[in-house]
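Below: the structure, in structure tokens.
The values are calculated or read from the model by the stated rules, or taken from the named source; none is laboratory data. Worth saying up front: this structure is predicted, and the values here are computed from it rather than measured. Here the Cβ positions follow ideal geometry from the backbone for every residue, glycine too, while neighbour counts run over all protein chains shown.
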Amino acid sequence: MGAKFYDPSNIRVGRDTIIGEDVVLDGREKLEIGSHVDIASEVMIYNSEHDVFAEHFAAVESVIDAPVTIDDYVFIGPRAIILPGITIGKGAVVGAGAVVTKDVAPFEIVGGVPAKKIGDREKTELHYVLGRARLFR
């Protein structure tokens, strides 16, 4: 569905996880995506970026070259961007168009630029199965 994988050898995806169309998954550093995760269309998950202060605009190593972890039962809305070093806790929701610059706690709902807490998910005992994306049913 047009998804792009940068260095797929560093990307791990759990079972029953849906990856929407035109998603970008950055494997230049470790990217762990749990089970029952729904990643909507055009989401970008990065774990490496450039040093805007460097003379040669080189890719940054160290803190800016950092793994991303997305726990089970997370929903990431369309066109959200997840930056390097982020952990998104179990059952969290990232709103459409959000730019995640800080970790998201379990069952927290975040949105905006930069993403901020806007609520909490009421149910914390999650057992649903996503099945196939609606497009393929």
Open item on the list: Looking at V113 and the list (1) at pLDDT 95 or above; (2) part of a loop (DSSP other than H, G, I, E, B); (3) under 20 Å from S35 (Cα atoms); (4) not acidic (D, E), which single condition is not satisfied?
Closed with: (3)
Task: Criterion: closer than 15 Å to A40 by Cα and under 12 Å from the mean Cα position of the chain (by Cα) - qualifying residue of G85, G89, G95 - done: G95
TODO: Search the range 89-110 for residues that are part of a loop (DSSP other than H, G, I, E, B) and pair each with any residue that is polar (S, T, N, Q) when their beta-carbon atoms are under 8 Å apart and the residues are at least 6 apart or on different chains.
DONE: G91/T124; D103/T87; P106/T124; F107/T124
TODO: Output the number of the condition that K123 fails; it satisfies all remaining conditions of (1) among the charged types (D, E, K, R); (2) more than 15 Å from D71 (Cβ to Cβ); (3) modelled with pLDDT of 95 or more.
DONE: (3)
- [ ] Please go through the range 116-129 and pick out each residue that is in a loop (DSSP other than H, G, I, E, B) and of a type in the set (A, V, I, L, M, F, W, C).
- [x] L126, V129
Open item on the list: Looking at the range 9-32, I want the residues that are touching a residue at least 24 places away in the same chain (Cβ under 8 Å) and have a partner that is assigned to a strand (DSSP E or B) and among the small types (G, A, S) with Cβ atoms under 9 Å, at least 6 apart or on another chain. Which pairs are those?
Closed with: R28/A59
Open item on the list: I'd like the full set of residues that are at pLDDT 90 or above, among the aliphatic types (A, V, I, L, M) and not in a strand (DSSP E or B), limited to the range 59-88.
Closed with: V74, A80, L83, I86
